[in-house]
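**Q** Take a look at this one; I'll ask things after.
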Amino acid sequence: MKSGERFSNGRRDVLIRGANIIAVGAIIYILYKAAKELWEAAVAVFGAFVSLLSAFVSVLPYIIAAGLIAFGTGWLIHNVNF
């Protein structure tokens, strides 16, 4: 071992490998947390979309009635001579 070297090559390799394992573990944990938050946001967006579709379906009879009234009025104006 040269003067000024604190660890031998074998010990340095073990320390570097340990640091890499810790770094990879931390990165995996952070990516897991981010993926979990993104998944929860996607579930919330899906729930909002389902609520929107539910609102459209609940309003659909009124839209159909308004369309039928408009169609009938247009037919009446076009076909009946006053």
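**Q** Please state which one of 82, 7 is surrounded by 10 or more Cβ atoms within 10 Å (Cβ to Cβ), at pLDDT below 95 and not in a helix (DSSP H, G or I). Working first, answer last.
**A** Values: 82 fails: surrounded by 10 or more Cβ atoms within 10 Å (Cβ to Cβ).
One residue alone meets the criteria, 7.
**Q** Working carefully through the options 69, 63, find the one that is within 37 Å of the chain's Cα centre (by Cα) and free of Cβ contacts under 8 Å to residues at least 60 places away in the same chain.
**A** 63
**Q** Let me ask something else about it. For region 32-48, state whether one or more residues are of a type in the set (Asp, Glu), in a helix (DSSP H, G or I) and at pLDDT below 95.
**A** No, region 32-48 contains no residue that is of a type in the set (Asp, Glu), in a helix (DSSP H, G or I) and at pLDDT below 95.
The values are calculated or read from the model by the stated rules, or taken from the named source; none is laboratory data. Here the structure is a predicted model, which means the values were calculated and not measured. Don't worry about glycine lacking a Cβ; one is built from the backbone with ideal geometry, like all the others, and counts go over all protein chains shown.
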